[in-house]
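The values are calculated or read from the model by the stated rules, or taken from the named source; none is laboratory data. Since the model is a prediction, treat every value here as computed from it, not as a measurement. Backbone-built Cβ (ideal geometry, glycine too); neighbour counts: all protein chains shown.
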Amino acid sequence: MTDANISHVQSLYAAFGRGDIATLLAGCAPDIDWETVGRPSDFPTFGPRRGVKAVEEFFRFVAEHEEFSDFSPREFYAAQDKVFVLGAYSLTVKPSGAKVAAEWVHVFTLKDRKVTRFREHTDTAQLAGTAVKKT
């Protein structure tokens, strides 16, 4: 099952890379528990979300605020119902023009080929306050 879980998570990253958010959302459980660890007051994509509609809103915020020059899931590890992914990104925060480059860890929990829980851990300090438009 762990290889199948890794394959499923890789297919979700591929969907994100194509801009196919509908396929990514279809790979999530209806009551998914999704969180990019950090304070929502620091950056719009931070904080907890519950349910597919809330995850859809997360990806809308990503599109509105982040322009990726690189988004690279690099290493995949599985244990029981979890998939751990190590990666990195480089992006420009659209409202401010701030440049950010960081490594991240994503932790997926899966049941019946659906993501039931997602956690992103990244360098939140680099993004904090950057969504404010420069004047």
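Run down Val115, Val37 and say which single residue is touching a Gly at 6+ places or on another chain (Cβ under 9 Å), within 29 Å of Ser7 (Cβ to Cβ), of a type in the set (Val, Ile, Thr) and surrounded by 18 or more Cβ atoms within 10 Å (Cβ to Cβ). Break it down into steps so the answer makes sense when it comes.
Details: Val37 fails: surrounded by 18 or more Cβ atoms within 10 Å (Cβ to Cβ).
One residue alone meets the criteria, Val115.
Restricting to segment 59-90, count the residues that are in a helix (DSSP H, G or I), farther than 25 Å from Asp112 by Cβ and not acidic (Asp, Glu).
Within segment 59-90, the subset in a helix (DSSP H, G or I) is 59-65.
Subsequent filtering for residues that are farther than 25 Å from Asp112 by Cβ retains 60-65.
Those still in the list that are not acidic (Asp, Glu) too: 60-63, 65.
Looking only at that region, the number is 5.
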- Task: Starting from segment 62-75, take each residue that is within 13 Å of Phe16 (Cα to Cα) and touching a residue at least 40 places away in the same chain (Cβ under 8 Å) and list its partners that are part of a strand (DSSP E or B) and of a type outside the set (Gly, Ala, Ser), counting only C-beta distances under 8 angstrom and pairs at least six apart or across chains.
- Result: Phe71/Tyr89; Phe71/Leu91; Pro73/Val85; Pro73/Leu86; Pro73/His106
- Note on the structure: Taking segment 66-96 and the residues there that are closer than 21 Å to Ser7 by Cβ and among the acidic types (Asp, Glu), the one that is nearest to the chain's Cα centre (by Cα) would be Glu75
- Output the residue which, of all residues in segment 5-30 that are in contact with a helix residue (DSSP H, G or I) (Cβ under 6 Å, 6 or more places away or on another chain) and part of a helix (DSSP H, G or I), is nearest to Lys82 (Cα to Cα). Leu12
- Query: Out of (1) over 15 Å from the mean Cα position of the chain (by Cα); (2) at pLDDT below 95, the odd one out for Lys99 is which?
  - Reply: (2)
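Condition check: in contact (Cβ under 8 Å) with a residue 40 or more places away in the chain and among the acidic types (Asp, Glu). Does Asp81 satisfy that? Walk me through how you get there before you give the answer.
Working: in contact (Cβ under 8 Å) with a residue 40 or more places away in the chain: yes; among the acidic types (Asp, Glu): yes.
Criteria met by Asp81.
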- Of the residues in segment 91-105, how many are among the polar types (S, T, N, Q) and part of a loop (DSSP other than H, G, I, E, B)? 1
- Message: Can you say whether Gln10 is at positive phi and surrounded by fewer than 19 Cβ atoms within 10 Å (Cβ to Cβ), as far as the supplied structure shows?
- Response: no
